[in-house]
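The structure under discussion appears below in the form of structure tokens.
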Ligand SMILES: Cc1cc2nc3c(=O)[nH]c(=O)nc-3n(C[C@H](O)[C@H](O)[C@H](O)COP(=O)(O)OP(=O)(O)OC[C@H]3O[C@@H](n4cnc5c(N)ncnc54)[C@H](O)[C@@H]3O)c2cc1C
Ligand code: FES
């Protein structure tokens, strides 16, 4: 059992938790993920390591409540326990030789992007961050990004905070104004990453994307997380989650991501009905 040492709501649908898991905290690196089950009969939930404290043995996770399993996790209170917490899984983000990087985060993808930005800062790289949200109420981790970025641009779709527009606009502007990035790293919704790649490709700026397809075992055995990268089949859990954005087949990934939509909607509705009945 793994104790929830701290729980904090970051916005109406995003929650942060520090979990006591000293063995994971000891080895975790930016870009890796864990798989947890809130309860013994729960579904596996892959979540990125959003931070770690090797001294106190805690691992930070930041998750958006989107369906049945994340609702169950969010029902847990500080001081309570979750059943399983396995990791670190996947490959850490490649940092070798990168002196100047632009991190592009979208929505809850910013939770995944933050430890990457922090790691580059620690290594002495120049970090430009561009983070985007639908509106002001959904903004998360602004102070944390400010602390580890040499330049931070915050965008909202509706202009209710920061600059109005999508993340690709300031990215294009920066590249066209002569910023020479060794790497652009995009983490967020598939469609956002697809458009980041469409922005950087004409300028040939190396671009890494973090792919989060549906995962089951997280160890390369079930094939659930397969993607086509450079014309070859890859498993995001063991070959990624980071991949060369120029090589990812985004259209196929988007199609596969909607495969279980009906089932997921049904489970979400069941959870809400159960919650309503318990409240009555
Ligand atoms: C490597 C990796 C890292 C991730 N990191 C984060 C993170 O840091 N924060 C965060 O909020 N989310 C993260 N996710 C997504 C998160 O795992 C899903 O939101 C969660 O599993 C949804 O479960 P649910 O039952 O609540 O929702 P459901 O109703 O079951 O599904 C809602 C949506 O969540 C996604 N999803 C569902 N099950 C899985 C699964 N087993 N694997 C991957 N995606 C799934 C699908 O896109 C689905 O359409 C990550 C996913 C992967 C693969
Ligand atoms: S999750 Fe099973 S192969 Fe990757």
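Of all DSSP bridge pairs formed entirely within the chain, close to 60 percent run antiparallel. Taking 0.36 nm per residue of separation and subtracting the current Cα-Cα distance, fully stretching the chain between residue 123 and residue 27 would add 32.8 nm.
For the stretch 211-228 versus the stretch 33-69, the inter-centroid distance based on Cα atoms is 17 Å. Projecting label points 7 angstrom from Cα along Cα→Cβ for residue 244 and residue 135 puts them 4.2 nm apart. The length gained on full extension between residue 94 and residue 257, counted as 0.36 nm times the residue separation minus their Cα-Cα distance, comes to 56.1 nm. Here the scattering of the stretch 92-195 is modelled by Debye summation over its C-alpha atoms, one equal scatterer each and no solvent; at q = 0.10, 0.15, 0.21 Å⁻¹ the log10 of I(q)/I(0) is -0.23, -0.54, -1.08.
Note: relative contact order over the stretch 93-210, using C-alpha pairs below 8 Å and six or more positions apart, is 28 percent. Which part of the stretch 155-170 falls in the paramagnetic zone of residue 203, meaning amide N under 13 Å from the point 7 Å along Cα-to-beta-carbon? Only 168-170 fall inside the zone, counting backbone N under 13 Å. Modelled label positions at residue 39 and residue 191, each set 7 Å beyond Cα in the direction of Cβ, lie 3.4 nm from each other. Ordered from longest to shortest, the equivalent ellipsoid semi-axes for the chain are 29, 21, 20 Å, each the square root of 5 times a Cα gyration tensor eigenvalue.
FYI, it's all coordinate maths here, none of it is from the lab. This one's a predicted model, so the numbers in the text were calculated from it and none came from an experiment. In this analysis, Cβ positions are derived from the backbone assuming ideal geometry, glycine residues included, and neighbour counts consider all displayed protein chains.
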